[in-house]
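One structure below.
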């Protein structure tokens, strides 16, 4: 019998090398870091780790090199209880590396990605895939994502899609998506609209599913046919690093979906989980457990207005 997973993600799986700095330097200056962290990264893997920490059973399709960094990525995911059976090792290709800075006191960060490894549709053997309730995709390996989205549709599994910035044309996959959870940095330039609400209205002409746009400390705005527009404020925390906040939001949102939460409650869970993550450096160290999120909300967490 096929293995059963709550979610199967497909995306890049880099190693994140992040340094804390006191203040962004001027071009050409040299500065010292005040702290450093090395963790696995990537939008989809981090969402899968979030799901695992919140008690679900996710797996990942991603390419890694047959190198030290690739082994690091796999071992860390195993420790997080993310199924790594579907990770593809590619000889003579380097594991992706994301290097960046995050500013002390503000959490602002800049990331540079070295990506010289990919997944082609022919790399995915559909017969060997598990039974899933949903798949989670981004726009990096678009042809492979479209193949998996169509497979998910045939399996009656939900298709989730994440894209954080305007990099490549992802229009072809949008009609296949059941839950489109994207950042304002993608939604506004893609739709050429000036407001998130207008961007969602434009996106609904292409994607008939639920749409949520995240906007950092401005919160998130969602829309479904059942609820209409739903606004969720962002929670106030002592921010250390915002790396991975959106990815954590996605993972928690999917957990809420699996728990049959309505849109408002899914967005609340996602916002709280993402906020807690920002209290620690890197994309994953600060991801909380479900009990920690529930305690955070029960104590009456403050929101940005």
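Read the figures in this text as sums done on the coordinates, not as results from a lab. Computed from a predicted model, the values in this text were never measured in an experiment. So basically every Cβ, Gly included, is an ideal-geometry build from the backbone, and we count neighbours across all protein chains shown.
Would you confirm, using the coordinates I've provided, whether residue 2 is in a loop (DSSP other than H, G, I, E, B) and surrounded by fewer than 24 Cβ atoms within 10 Å (Cβ to Cβ)? I'd like the intermediate steps shown before the answer.
Numbers: in a loop (DSSP other than H, G, I, E, B): yes; surrounded by fewer than 24 Cβ atoms within 10 Å (Cβ to Cβ): yes.
Answer is yes for this residue.
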Count of residues meeting criterion [within 17 Å of the chain's Cα centre (by Cα) and surrounded by fewer than 18 Cβ atoms within 10 Å (Cβ to Cβ)] in the stretch 148-167 = 4
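Restricting attention to the stretch 241-265, which residues are assigned to a loop (DSSP other than H, G, I, E, B) and surrounded by fewer than 22 Cβ atoms within 10 Å (Cβ to Cβ)? Lay out the reasoning, then the answer.
Filtering the stretch 241-265 for residues assigned to a loop (DSSP other than H, G, I, E, B) gives 241-244, 259-262.
Correct list: 242, 259, 260, 261, 262.
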Subset of the stretch 44-77 (residues that are surrounded by fewer than 16 Cβ atoms within 10 Å (Cβ to Cβ) and either under 22 Å from residue 253 (Cα atoms) or touching a residue at least 60 places away in the same chain (Cβ under 8 Å) (or both)) = 55
Would you kindly identify the strands (runs of 3 or more DSSP E) lying entirely within the stretch 121-240 that contain at least 1 residues that are touching a strand residue (DSSP E or B) at 6+ places or on another chain (Cβ under 7 Å) and closer than 27 Å to residue 63 by Cα?
-> 131-138, 158-163, 179-183
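State yes or no: is residue 219 touching a helix residue (DSSP H, G or I) at 6+ places or on another chain (Cβ under 8 Å), within 22 Å of residue 295 (Cβ to Cβ), surrounded by fewer than 22 Cβ atoms within 10 Å (Cβ to Cβ) and without any contact (Cβ under 8 Å) to a residue 24 or more places away in the chain? Please lay out each step first, then the result.
Working: touching a helix residue (DSSP H, G or I) at 6+ places or on another chain (Cβ under 8 Å): yes; within 22 Å of residue 295 (Cβ to Cβ): yes; surrounded by fewer than 22 Cβ atoms within 10 Å (Cβ to Cβ): yes; without any contact (Cβ under 8 Å) to a residue 24 or more places away in the chain: no.
No: the conditions fail for residue 219.
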Do we find that residue 184 is within 26 Å of residue 146 (Cα to Cα), within 17 Å of the chain's Cα centre (by Cα) and without any contact (Cβ under 8 Å) to a residue 60 or more places away in the chain in this structure?
-> yes
Filter the stretch 266-284 for residues that are part of a loop (DSSP other than H, G, I, E, B) and under 15 Å from the mean Cα position of the chain (by Cα); the one that is farthest from residue 54 (Cα to Cα) is 282
Within the group 140, 109, which residue is surrounded by 15 or more Cβ atoms within 10 Å (Cβ to Cβ), under 17 Å from the mean Cα position of the chain (by Cα), farther than 24 Å from residue 171 by Cα and in contact (Cβ under 8 Å) with a residue 24 or more places away in the chain?
-> 109
Checked against (1) over 30 Å from residue 271 (Cβ atoms); (2) over 18 Å from the mean Cα position of the chain (by Cα); (3) buried (at least 17 other Cβ atoms within 10 Å of the Cβ), residue 102 satisfies every condition except (1)
So which residues in the stretch 282-304 are in contact with a strand residue (DSSP E or B) (Cβ under 8 Å, 6 or more places away or on another chain) and surrounded by fewer than 23 Cβ atoms within 10 Å (Cβ to Cβ), if there are any at all?
-> 285, 296, 301, 302, 303, 304
